[in-house]
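To start, the structure itself, in structure tokens.
The values are calculated or read from the model by the stated rules, or taken from the named source; none is laboratory data. Because the structure is a prediction, the values reported are computed rather than measured. Quick reminder, even Gly has a Cβ in these numbers, built from the backbone with ideal geometry, and neighbours come from all protein chains shown. Side chains included, ligands, DNA and RNA excluded: accessible areas come from the protein's heavy atoms. Shrake-Rupley method; radii C 1.70, N 1.55, O 1.52, S 1.80 Å.
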Amino acid sequence: QVQLVESGGGLVQAGASLKLTCAASGRTVSDYAMGWFRQAPGTEREFVAAISWSGGATYYADSVKGRFTISRSNAKNTVYLQMNSLKPEDTAVYYCAADPAGDMSSWSIAYDYWGQGTQVTVSS
């Protein structure tokens with residue numbers, strides 16, 4: 001069983017940066033694809049970014065491409081999301097997720113393990 005814990009969220013002004021961290025425990029996730037999703041109030045959970053097990057491939061939603069960077073440290077069993085040039089529309093709860101099949105899917109149903117989420121609020 002994999003446990004995921006997100007951290008690094010907070011309240012920032014538009015244009016600022018934040019780095020989210022997802023720490024995995026229970027087993028190594030070095031052979032899993034990992035993803036970040038977000039959910040704003042009253043909306044469905046949406047895909048943000050995904051990374052392959054090796055870190056050699058990444059995939060982003062169009063809304064964050066060029067501003068967000070996903071990375072991982074398999075030695076630390078950790079995944080990161082660097083968020084730059086934040087906008088008010090980035091405000092949401094951000095979730096980390098693990099996909100044992102390694103598909104790097106943008107579909108939330110592909111991910112078997114989820115964290116509790118961390119709140120990111122961007123003020124204008």
Identity of the residue in the range 43-58, open to solvent by less than 70 Å² (accessible area, probe 1.4 Å) and of a type in the set (A, V, I, L, M, F, W, C), that ends up farthest from the chain's Cα centre (by Cα): A57
Tally of residues being touching a residue at least 40 places away in the same chain (Cβ under 8 Å) and part of a loop (DSSP other than H, G, I, E, B) across the range 8-33: 11
Selection count, the range 15-36, where residues are open to solvent by 20 Å² or more (accessible area, probe 1.4 Å) and under 21 Å from S123 (Cβ atoms): 5
Any hit, the range 59-69, residues being within 15 Å of V122 (Cβ to Cβ) and open to solvent by 20 Å² or more (accessible area, probe 1.4 Å): yes
Where a residue in the range 107-124 is within 18 Å of R27 (Cα to Cα) and its partner, wherever it lies, is at pLDDT 95 or above and open to solvent by 30 Å² or more (accessible area, probe 1.4 Å), with Cβ under 6 Å and at least six apart: W114/Y95; G115/V5; G115/Y95
Tally of residues being small (G, A, S), in a loop (DSSP other than H, G, I, E, B), surrounded by 18 or more Cβ atoms within 10 Å (Cβ to Cβ) and on the phi < 0 side of the Ramachandran plot across the range 86-124: 1
Residue list for the range 73-85, filter: crowded, with 22+ Cβ neighbours inside 10 Å and either touching a residue at least 60 places away in the same chain (Cβ under 8 Å) or out of contact with any Cys (no Cβ under 9 Å at 6 or more places or on another chain) (or both): L81, M83
Where a residue in the range 42-56 is part of a loop (DSSP other than H, G, I, E, B) and its partner, wherever it lies, is of a type in the set (S, T, N, Q) and surrounded by 14 or more Cβ atoms within 10 Å (Cβ to Cβ), with Cβ under 7 Å and at least six apart: R45/Q39; R45/S108; W53/S30; G55/S71
